[in-house]
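The values are calculated or read from the model by the stated rules, or taken from the named source; none is laboratory data. As the structure is a prediction and not an experimental result, all values here were calculated from the model. A quick note on method: Cβ atoms are made from the backbone with ideal geometry, for glycine too, and the neighbour counts reach across all protein chains shown. Side chains are part of the model used for accessible areas, which takes the heavy atoms of the whole protein and leaves out ligands, DNA and RNA. Shrake-Rupley method; radii C 1.70, N 1.55, O 1.52, S 1.80 Å.
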Amino acid sequence: MGLKVAKFGGSSLADGIQLTKTKNIITADPERKYIVVSAPGKRYEGDVKVTDLLYLCKAHIENNLPYEQVFQVICDRYMAMAVNLGVTVNLVPEYEKIRQNLQRGASSDYIASRGEYLNALVIAAFLNYDFVDTEGLILFDAKGSLLIEETNAALSSELKKHKCAVLPGFYGTMPDGKIKTFSRGGSDITGALVARAVSADVYENWTDVSGFLMADPRIVPEAKPISTISYKELRELSYMGASVLHEDAIYPARLANIPINIRNTNIPEDEGTMITDTAVSSNQVITGIAGTKDFDVIAIYKNMMASEKGFIRKLLTILEDFDVAIEHIPSGIDNLSVVVNKKDVEGKVEDIVDEIRRKLAPETIEIFEDVALIATVGHGMSSRQGTSAKLFTALAEGGVNIRMIDQGASEMNIIIGVANRDFEKAVRIIYDAFVE
Ligand code: ASP
């Protein structure tokens, strides 16, 4: 028999109705033995996630405001769920312990982690699975970086003792025993770590959408679903702004070559998107289009730049000194541009330009503001001639001016820069050019 790890996001666990759907999904397949859970999410438009309420408690405490009322709202949510589902689990001592820790000045990571912890307790009782806390199993170093191999060993040896278990997502432990959380949405990472530790055949990630779409549905309402995508393609797309799965969840699954299946708790019959190591060939040229706005381009021209040794190194050092991350460096013979995030250079542009002038003495240096980057991604592009011609012709015919072009050596993606105001139009045009 195969083995599946299923992670359920906050919307799949928001209330009794959602939890019943979740249980039906789990019991429908005996291979779903290890379950990773988020904290309860929004039940309706305008509702507040439990994690946000927990951060709010901490904010009250820090500002010397009474936090009891907010904490009570959280307690009541779990109690209501337990009663609703007929689960007998005694949460009162848990609440008491959390209250005490709050009063003793527990960290905001500790407080936030209690959303997943309490949820896992309730859900383990509801499913009649073992509860396995990730405290002491997911391990971080003193700087807060995940110790991926130590975590794998600890999780794997503990889970051998449990045939079926529910684990809380989102957090682990530092060497001093303190709780540390991943960044928001981090239960996805926990799920991937558990999948690797038990050598799962598949890591199912249950959420409220049936996987990835080929483009943002706010721009392309009829965007088609992506049935399979490679880890590499997804990296290119998630990096550019698609946000169904935490991007750090890919790495642990990839290490163990475990496919990730994005599924919809509300429509479990949909097969969702399968993320795999190798690209599955299809007749589709592109797999997806994604992008983000608000980049600035620093364009530098210098005579004989190409033969000047160390030019790029010096430029990169300047940007590093200003703590600016670099997105892309498209270049010509005697010119090059550096694409940077607008928020990274805010308030520092003039200083950066002065420094470049002083150290590199370019002929010209120009700043183009408000640029959007759009990545068109697909393994199918590399084997076909005329892909870029098609893309650029379509954009030219649609009246979109391309400010920058960057194609990776793998020919798996073409990244273009356009004015922010042309962003939506360009995505629409590319979609229409490649997807019938
Ligand atoms: N509950 C956490 C959050 O809201 C982590 C997660 O759901 O993955 O970010």
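For the reader, a short list of remarks on this structure follows.
- Meets criteria (of a type in the set (Gly, Ala, Ser) and either at positive phi or more than 16 Å from the ligand (Cβ to nearest atom) (or both)) for Gly177: yes
Results for (1) part of a loop (DSSP other than H, G, I, E, B); (2) under 24 Å from the mean Cα position of the chain (by Cα); (3) away from the ligand (no atom under 13 Å from the Cβ), shown as yes or no for each residue.
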residue: Glu116; (1), (2), (3): no, yes, no
residue: Thr134; (1), (2), (3): yes, yes, no
residue: Leu137; (1), (2), (3): yes, yes, yes
residue: Lys143; (1), (2), (3): yes, yes, yes
residue: Gly191; (1), (2), (3): no, yes, no
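- Check on Ser238, modelled with pLDDT under 90 and within 13 Å of the ligand (Cβ to nearest atom): no
- Only one of the numbered conditions (1) touching a strand residue (DSSP E or B) at 6+ places or on another chain (Cβ under 9 Å); (2) farther than 14 Å from Lys7 by Cα is not met by Asp176, and that is (1).
- Single condition Ala80 does not satisfy, out of (1) more than 18 Å from Val122 (Cα to Cα); (2) open to solvent by 30 Å² or more (accessible area, probe 1.4 Å): (1)
- Among residues of the range 145-179, those that are within 28 Å of Gly86 (Cβ to Cβ) and part of a helix (DSSP H, G or I), counted: 1
- When Leu213 is tested against (1) in contact with a Lys or Arg (Cβ under 9 Å, 6 or more places away or on another chain); (2) open to solvent by less than 30 Å² (accessible area, probe 1.4 Å); (3) among the hydrophobic types (A, V, I, L, M, F, W, C); (4) more than 15 Å from the ligand (Cβ to nearest atom), just one condition goes unmet, and that condition is (2).
- Residue ID - most open to solvent (accessible area, probe 1.4 Å), chosen from residues in the range 11-42 that are without any contact (Cβ under 8 Å) to a residue 60 or more places away in the chain and within 14 Å of the ligand (Cβ to nearest atom): Lys42
- Look at (1) over 18 Å from Val122 (Cα atoms); (2) in contact with a Pro (Cβ under 8 Å, 6 or more places away or on another chain); (3) of a type outside the set (Val, Ile, Thr) and you find that Lys49 fails only one, number (1).
- So Asn264, is it over 14 Å from Ala215 (Cα atoms) and open to solvent by 50 Å² or more (accessible area, probe 1.4 Å): no
- Members of the range 166-209 that are under 15 Å from Phe8 (Cβ atoms) and open to solvent by 30 Å² or more (accessible area, probe 1.4 Å): Gly185, Asp208, Val209
- Applying the condition of being open to solvent by less than 20 Å² (accessible area, probe 1.4 Å) and within 23 Å of Asn205 (Cα to Cα) to the range 48-63 and asking which residue is farthest from the ligand (Cβ to nearest atom) yields Val50.
- As a summary of the residue check, Val73 satisfies the conditions (1) assigned to a helix (DSSP H, G or I); (2) open to solvent by 90 Å² or more (accessible area, probe 1.4 Å) except for the one numbered (2).
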